[in-house]
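What follows is a short report on a single structure.
The values are calculated or read from the model by the stated rules, or taken from the named source; none is laboratory data. Note that the structure is a prediction, hence the values are computed from the model and not measured. Cβ coordinates were reconstructed from backbone atoms using ideal geometry, including for glycine residues, and neighbour counts include every protein chain displayed.
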Amino acid sequence: MSSPRSISPAKKWLGLALIATAQFVVIMDTSIVGVALPYIQRDLGFTAESLSWVFNAYVVAFGGLLLLGGRLADAFGAKKIFATGWLVLIAGSVLAGAATSVGAEIAGRAIQGAGSALIAPAALTLLMMLFGGTSDLPKAFAIYGAAAPIGGAAGVFIGGVLTEYTSWPWVFYATIPLALIVLAFTATALPRTERGASGPIDIAGAVTVTGGLAAVVYGIVMAPEVGWLTPTTIGALTIGIALLIAFFVIQSRTRTPLLRLGLLKAPQLGAANGAQLVLGGAWVSMWFFLNLYLQQVLGASAFAAGAALLPMTGLVVLVMVGLAPRLQTRFGAKPLIVTGLVILAAGLLWMSFISPDGSYVVDVLPASLLSALGMSLTFVPSLGTAINAAPPAETGVASGLVSTSYQIGSALTLAILTAVAYGVAGIDPSPVNLTAGYSAAFLGAAGLALAGAIVSAIAMRSPKREFASAG
């Protein structure tokens, strides 16, 4: 395996470009379907209840299989798993775009999620191979971190453009050329990786954690339609919780678990993953409901709604790449994580004051920029802290765990806040009622971010050596 210092600078930065593209694409694919959902529903015959699975099938497969992806990267080599993930993602994109039935569409989205679950932890492991222990590590993390919110915002914008000017299948086909470009450079630009320790792969663990997450999300999503105390909701939640308990039992008993439970005892790892879970839930919910407010209440077109998110995307890039690494070098990770979550909570609280006859400049832009600032300060320090808390042999697992935290946070929080929003808005809501529902969702996300800041302040310690100054 190559040492970071033995790789040429040009090859390092080309490799980072591929890794950042991976982060961009896997997050873009969570958001690109948003504005296309009504068209997909019309053409494929989704019901109002099942339509959410065009989003959830991807997120659940992605979040549920990330630990397996990290384990495979450690066992078979990150570079090989990285390339395999792109091939799986291409297959899922083709199926989702060509789908002519509800089942085929959901299957395509789940396959896309499975491919992303292989790509994401392998990408983080490769980043550490290229930059670990060097003075360029904080800059590399900043570029990688900025690719996530850019991907989320770009997905909404690109999805709006493709839906408005071509047709909805292209929101899935758009991934394919990017995947082919990355694959073309993977062999030469990314470092050679070796197989880790041999042993059986914990398939039972992967099945139980993915199935458990899917069942819990299903129960939460369906509850507003069928009721919280109905057999459907109670049964789904019971099965989901039972499967998740089974996952932890399996992890405690198998010799080669997806997640070594002893790894969770590291205070820094647990606290940093908690920050990522809260951040994913609050941030993804914010742009999801903000997009709906812009289109369904303010009457923006798909293109205009996507364009409205570009200012906060630009701020995220500037702060993550130019400001956050310097602040972390000076003050450390913990102050940035706590401060960032407090600022994010403040931005979401401000956004909860939206009105039915509001305007983008008054009701959306200032609050979205404040939220983006908070997200930018939190993401990179919590990500780097989580990965560096793990032993080198478990970098892939730690990468999968921190990505899992972000995705599970986004899936569960979005499901819960969707239930809250439409519980407040009611059936067939007017713009006034929709605004009240979205306001409640923003308020819930603000409470989550504030709770995350308090827990981080209590649980996270300031280590003697930050990753930003490694080397």
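Some notes on this structure:
- So THR313, is it in contact with a helix residue (DSSP H, G or I) (Cβ under 9 Å, 6 or more places away or on another chain), within 21 Å of ILE150 (Cα to Cα) and among the hydroxyl-bearing types (Ser, Thr, Tyr): yes
Yes or no, residue by residue, for (1) closer than 19 Å to GLY452 by Cα; (2) surrounded by 19 or more Cβ atoms within 10 Å (Cβ to Cβ); (3) out of contact with any Gly (no Cβ under 8 Å at 6 or more places or on another chain):
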{"site": "ALA300", "(1), (2), (3)": "no, yes, yes"}
{"site": "ALA305", "(1), (2), (3)": "no, yes, no"}
{"site": "GLY314", "(1), (2), (3)": "no, no, yes"}
{"site": "PRO325", "(1), (2), (3)": "no, yes, yes"}
{"site": "VAL338", "(1), (2), (3)": "yes, yes, yes"}
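- Residue within segment 172-189 that is buried (at least 16 other Cβ atoms within 10 Å of the Cβ), touching a helix residue (DSSP H, G or I) at 6+ places or on another chain (Cβ under 8 Å) and at pLDDT below 90 present: yes
- Meets criteria (within 19 Å of the chain's Cα centre (by Cα), at pLDDT 80 or above and in a helix (DSSP H, G or I)) for ALA398: no
Okay, residues lined up against (1) in contact (Cβ under 8 Å) with a residue 24 or more places away in the chain; (2) of a type in the set (A, V, I, L, M):
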residue	(1), (2)
MET312	yes, yes
PHE353	yes, no
VAL362	no, yes
ALA372	yes, yes
GLY384	yes, no
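- Filter result for ALA61 (surrounded by 24 or more Cβ atoms within 10 Å (Cβ to Cβ) and not basic (Lys, Arg)): yes
Yes or no, residue by residue, for (1) basic (Lys, Arg); (2) at pLDDT below 85; (3) within 30 Å of GLY374 (Cα to Cα):
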| position | (1), (2), (3) |
| --- | --- |
| GLY205 | no, no, no |
| VAL216 | no, no, yes |
| MET222 | no, yes, no |
| GLY227 | no, yes, no |
| GLN251 | no, no, no |
| LYS265 | yes, yes, yes |
| ALA275 | no, no, yes |
| MET286 | no, no, yes |
| ALA302 | no, yes, yes |
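- Members of segment 327-336 that are crowded, with 23+ Cβ neighbours inside 10 Å and modelled with pLDDT under 85: GLN328
- Selection from segment 363-411 of residues that are farther than 27 Å from PHE82 by Cβ and of a type in the set (A, V, I, L, M): VAL364, LEU365, ALA367, LEU369, LEU370, ALA372, LEU373, LEU377
- Selection within segment 85-115: residues that are among the β-branched types (Val, Ile, Thr) and under 11 Å from ALA57 (Cβ atoms). The member of this set that is farthest from the chain's Cα centre (by Cα) is VAL102.
- When each of LEU294, LEU315 is tested for being of a type outside the set (Asp, Glu) and within 17 Å of VAL380 (Cα to Cα), the lone residue that passes is LEU315.
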